[in-house]
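All remarks here apply to the structure that follows.
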Amino acid sequence: MSNPRKHFWEFDQFRADATERVLWRADEPVALTQKAFDVLLVLIEGQGHIVTKDELMEKVWPDTFVEESNLSQNIYTLRKTLGETAEGEGYIQTVPRRGYRFARPVNEVKEEAMTAPPIEIVQPVTTVSAEALPVAAEVPLPTVPTSRRGVFVGLGAAALVALVALGWLYAQRRARVTTPNELTLTALTTTGNIMATAIAPDGKYVAYATNDNDRLSTLWLEELVTATRRAIIPPAETRYYALTFTPDGTQLYYSAANQETARRSLFRVSLLGGPSKKLTDEVNLAVSFAPDGKQMALRRALNARRVCVLTLSDIEAAQERELVTVRYPELLYDPAWSPDGQMIAAAAGNPNESAGMYVIATRAADGASKTLTAQRWKWIGQVAWLDANALLMVAQPTDGELKQLWRLDLRDGTAQRMSNDTNTWNRLSYSATTRTIAAMQVEQLSHVYLLPVNEPKREQKISFGAGGFRGDISWLPDGRLIYDGKARNSAVISVMNQDGSNAHSLTNALTQGAWVGATTTSKDGRYVVFASDLGGGRHLWRMQADGSELIQLTYGQGEDHPAISPDNEWVYFTLREHVGTDRPTIGRVPFKGGDVQPVTTDFTAYPALSPDGKYLACLHAIEPGLHPWHLALYPLTGGQPTKIFTHAIATGHTPQWSPDGQTLAYSENPTSAPSKLWLQSINESQSRVLAEFTGERIFGLGWSHDGKQLVLVRGLWATNIVLAR
C-alpha cells in the first residue's frame, strides 16, 4: 500500500499537521481543542486574506447551529496559545466588522509520510466521545508523529494510557486561560468596535455600545448565560462614552453625544427598551450610584472654571452639591461608590506627568477626602470596589508599561498587578455578586503605506505581518524609514528599508525597555531626537542615527513632540506645562543641551520647522483649553503668529513640511467621520483633502526627500470586551 501524503502548514516556529491534526511548536506538541485547531487551519489556509466570521462558522461548524461566542472563545484560546511573534505582535488580526486575518507568512509543505509499525494495545482503553466531555476538555488525543519527528515502536498499553492522560491534563490547564492572580479570562466580543461597556450588578447581563460605521452606533444588551443579545437602542448617530446600570438592574445610564447635544450629556434608558431621556449636560464619564439607588455621583469637567468637579446628585429631588473640586491640569476620573455607601473613590491627578496620578476617597456625607495611594502612577482610569478593603483599577505605573488591571489594598495602600498580557486595558465594570469584571482591551493594528502625492489612489502597502507601527515615521537621506515601533511589550525606535524589509530596532537594549516615541531626525540624517521616560519623567533625548551616543537634552516638567532646526542648532518641542500656566506651549533647547527657552505663550503644540529655517508651524487653539485646533505659522524665534489658517482641525498631530517649504501635510481623525489627509499651501487660505480613509486612523506621516510621496502609518484601535472571573 502506498503511503499517504503528509500536509503541513509552517509559520515561524510552528508546524500545523493538517493530516494528523496536531500543532507543533518546534519539537513539542501544542495542546489545542479540535475546534480551535479547525479555526486555526481555516485562517492559515486563507494565506493572509480576511476570513469572515460567517465563513469560519460554516467551515468549523458545518450544518450545526452554535452561538458566535464559540468562535470568539476559540479565537481567544488561539491567541493565548500562539503567543507573540518575534516582533511582539499577535498572529491573528481582528478586522472590525469583517472578520479575521492570519498575520504571518505561511509555507505549505506536502511530503510522503513514513509508515510506522502498528502499536499493539495489550489492554483495552476506555474512550470518551467528544460530546460527553465538557467544552473545556474538548481536545484531540495526542497523536504519535511519524514524519520528521521520529517513530515510537513497541509502546505498551500502560505508556499509551499515561501519554493520553498527561496530554489531556496539559490541555485542560491550557484551555483555562489564567493570569498570575488566577483570573479566568473570556473574550466576550471580537469585532474590535466596542465603545463602552458595563456589567449588571447581578452579573447576568453586559451592556455595550458598538461603533457600526463612521456615523452610526448601537447600544446592546447581552445575557451571559444564553449568549443572546438584543439592541436596547438601534443604530443611531450617537457617540457613547460610558455606561452604568442602576443598582436594581432595570435601567441604564449613559454618557453620550449626538446631533442635538454636541457635548457629552447624561441619558437614561430602560433595559426593556423605549425612548431615552436626557437628564443633564456636561457629564463626561460614567456615573456611580449609592447602594440604595437614591443618590448618584458624577464627574464634570468645567472648562469655563478650569476645574473638574465630583458632584453628588439626589435623584428624586434633582438637586446637586459639589463634593470635590480640582483645578486643571489635574483631573478627576469616573467615581465609584463603596458597598457600604459611605465613600466615593476616583482616580485623580495630572496624566501628563510621568507620575502624577493617584486615588482619592471622598466621604459622601461631608466631602472630606483622603489619598489612598502612596504610590504615584503615570495613569489611572476607572476604579471599582472589589470589597470593603480593596479597589480594582485599570492603571499604568510608567510610560513604558502597558495599562493593566491592578488590585489596590486599602489597608496599606499597596497595589498588585492582576493581569499580564500584551493588550492595553482601558475601562472596567464589576459585579460583586458573580465576582466578574467586564473590561475593555485595546490593540493597535496598523501598517505602513506609500502614497504618491499626485496619484493618491495608487498607494502601496509596504509592511506585512501584524504591524508594530505606533505613529511617527520619517525618511532618512539614504531612503530608509525610521519610525516609532514595538518589540514584544516595549516601545522602540526602529528602521526599515523603503520596501518594508530589514526592519530592526535601534533602541530596545539602549533604552532598557523604557517608553520612547515622537521620533524625529535631523535634516542631514545624522541625529535622532525623541521623547522618553528613561530616567523618569517625559523628557527629550538625542542619539546618532545608528543608535549610539545617547544623551538627555531636557529635564523639565514634561517635554514632547521634538523638531530639529535645519542648522542643527536647536530642538523645538511641546512644553506639556509651561511654567505658571495649565496649557501646552512651544519651547526650545540648544541641540547640545542647555537651558530651555520659551517660544510661544499661546495654547500651542506639535511644532514643525520649515526647511529654510524661517517658520515654525504648529497647532494652535484660539481659546486656551477649547478645541478645535487651527494650523498656525510663527516666526522661528517666537512672538505672535504671522498666519492662522481657517480650517478647524478636530484632532491633531504634528504637521509635516514638504521639502520645498511651500506645503504642510497634516492628518485629522474625527470620532465619527473618515480620517483625512490634508494639504495646506502656506500661500493659500484653504486646505484641500488629499485622501480619506473610512474606518481607519492616521497615526503618523512623513514626506519623501523628493516631495513626491508621503509615507503613512495607518490602521485602527481594535477594542473588545473581556470577562475576568
* Under a no-solvent Debye model with one identical scatterer per Cα of the range 525-571, what's log10 I(q)/I(0) at q = 0.13, 0.14, 0.21 Å⁻¹? -> -0.27, -0.31, -0.69
* Asked: What ³J(HN,Hα) values, in whole Hz, does the Karplus curve 6.51 cos²θ - 1.76 cosθ + 1.60 give for the range 189-206 when θ = phi - 60°, with x put for Gly and Pro?
  -> 10, 9, 6, x, 10, 7, 9, 7, 8, 7, 9, 5, x, 7, x, 8, 10, 10
* Please report, in debye to the nearest 20, how large the charge dipole of the range 610-725 is about its Cα centre when each Lys and Arg carries +1 at its beta carbon and each Asp and Glu carries -1 there. => 280 debye
* To do: Counting other Cβ atoms within 10 Å, keep those with at most 16, restrict to DSSP loop, and tell me which GluC sites (Glu not before Pro) in the range 629-720 are left.
  => 684
* To do: Could you size up the charge dipole of the range 385-464 around its Cα centre, putting +1 on the beta carbon of Lys and Arg and -1 on that of Asp and Glu, and report it in debye to the nearest 20?
  => 200 debye
* Asked: What nm distance separates the two modelled labels at residue 26 and residue 551, each placed 7 Å from Cα along Cα→Cβ?
  -> 4.4 nm
* To do: Just add up the charged neighbours of residue 546: K/R +1, D/E -1, any other residue whose Cβ is under 15 Å from the Cβ of residue 546.
  => 0
* Structure fact -> Here the range 278-381 gives, from Cα atoms, an Rg and Dmax in Å of 13.3, 42
* Structure fact -> In Å³ per residue, the alpha-carbon convex hull of the range 214-277 encloses 94 Å³
* **Most to least packed among 47-59, 598-610, 298-310 [average Cβ atoms within 10 Å]** => 598-610, 298-310, 47-59
* Structure fact -> Expressed in nanometres to one decimal, the distance between label points 7 Å along Cα→Cβ at residue 320 and residue 10 is 6.5 nm
* Dipole in debye (nearest 20) - the range 530-621, about Cα centre, beta carbon charges: Lys, Arg +1; Asp, Glu -1 -> 100 debye
* **Using θ = phi - 60° and Karplus 6.51 cos²θ - 1.76 cosθ + 1.60, couplings along the range 33-45 (whole Hz; Gly, Pro as x)** => 5, 4, 5, 4, 5, 4, 4, 4, 5, 4, 5, 6, 5
* Asked: GluC sites (Glu not before Pro) within the range 229-307: which are DSSP loop residues with at most 15 other Cβ atoms inside 10 Å?
  -> 237, 260
* Asked: Between residue 242 and residues 5 or more places away or on another chain, which pairs have amide H atoms under 5 Å apart, with H built 1.01 Å from N, and which residues are they?
  -> 255
* Can you tell me which of 12-19, 718-725 comes out highest on packing, and rank the rest after it, using the mean Cβ neighbours within 10 Å? => 718-725, 12-19
* Structure fact -> A correct Karplus calculation of ³J(HN,Hα) over the range 407-418, with 6.51 cos²θ - 1.76 cosθ + 1.60, θ = phi - 60°, whole Hz and x for Gly and Pro, returns 10, 9, 7, 6, 6, 10, x, 7, 10, 10, 6, 9
* **Sequence ranges 451-460, 344-353, ranked by mean other-Cβ count within 10 angstrom, highest first** => 344-353, 451-460
* Structure fact -> Across the range 372-531, qualifying lysine pairs (alpha carbons under 21 Å, at least 8 places apart or different chains) come out at 4
* Among the trypsin sites (Lys or Arg not before Pro) within the range 196-230, which fall in a DSSP loop and have no more than 14 other Cβ atoms within 10 Å of their own Cβ? -> 215
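Throughout, read-outs are computed from the coordinates displayed, never taken from laboratory work. Source: prediction; values computed, not measured. Backbone-built Cβ (ideal geometry, glycine too); neighbour counts: all protein chains shown.
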